Amino acid sequence: MLTSFAMTAVAALAPLDVDVPDPPPEAPPGLDQKMETLLAWGKWGVLICGVAGLFICAGQMAIGRKNRSTFAADGATGIPWVLGGLSLAATAAPIVGVFFK
């Protein structure tokens with residue numbers, strides 16, 4: 001009974017054609033330059049963390065070369081994670097931009 005009522009209600013509302021406003025994104029006045037600076041600092045921070053991450057992985061592999069194979073393996077398995085993080089940071093703006101076109 002309830003499902004029948006719900007289906008009838010949905011069918012009654014279906015013919016309504018309502019235009020939902022979809023304005024383009026716009027920064028608040030005076031905030032656009034500050035946000036660009038903040039995003040630039042974030043990109044710079046990710047770049048520094050990525051370089052440091054690769055250095056740490058390389059160090060683990062170099063230290064773990066003799067008699068510490070699990071330490072070297074941990075360094076080697078960290079490399080895809082660092083590269084994945086850098087790749088995501090590099091493509092973040094285009095990925096988000098896809099949803100606003």
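Among the numbered conditions (1) touching a helix residue (DSSP H, G or I) at 6+ places or on another chain (Cβ under 9 Å); (2) under 30 Å from P21 (Cβ atoms), tell me where A76 comes up short.
Only one criterion is unmet by A76, namely (2).
Keeping to region 38-55, report how many residues are open to solvent by less than 60 Å² (accessible area, probe 1.4 Å) and out of contact with any helix residue (DSSP H, G or I) (no Cβ under 7 Å at 6 or more places or on another chain).
4
Are any residues in region 75-101 surrounded by 12 or more Cβ atoms within 10 Å (Cβ to Cβ) and modelled with pLDDT under 90, and if so, which ones?
The answer is none; no residue qualifies.
When you go through (1) within 28 Å of V98 (Cβ to Cβ); (2) free of Cβ contacts under 8 Å to residues at least 60 places away in the same chain; (3) not in a helix (DSSP H, G or I) one by one for P24, which number turns out not to apply?
The one condition P24 does not meet is (2).
The values are calculated or read from the model by the stated rules, or taken from the named source; none is laboratory data. As the structure is a computational prediction, the values presented were derived from the model and not from experiment. Glycine also receives a Cβ, built like all others from the backbone with ideal geometry; neighbour counts cover every protein chain displayed. Remember, those area values only see protein heavy atoms, side chains included, never the ligands or the DNA or RNA. Shrake-Rupley method; radii C 1.70, N 1.55, O 1.52, S 1.80 Å.
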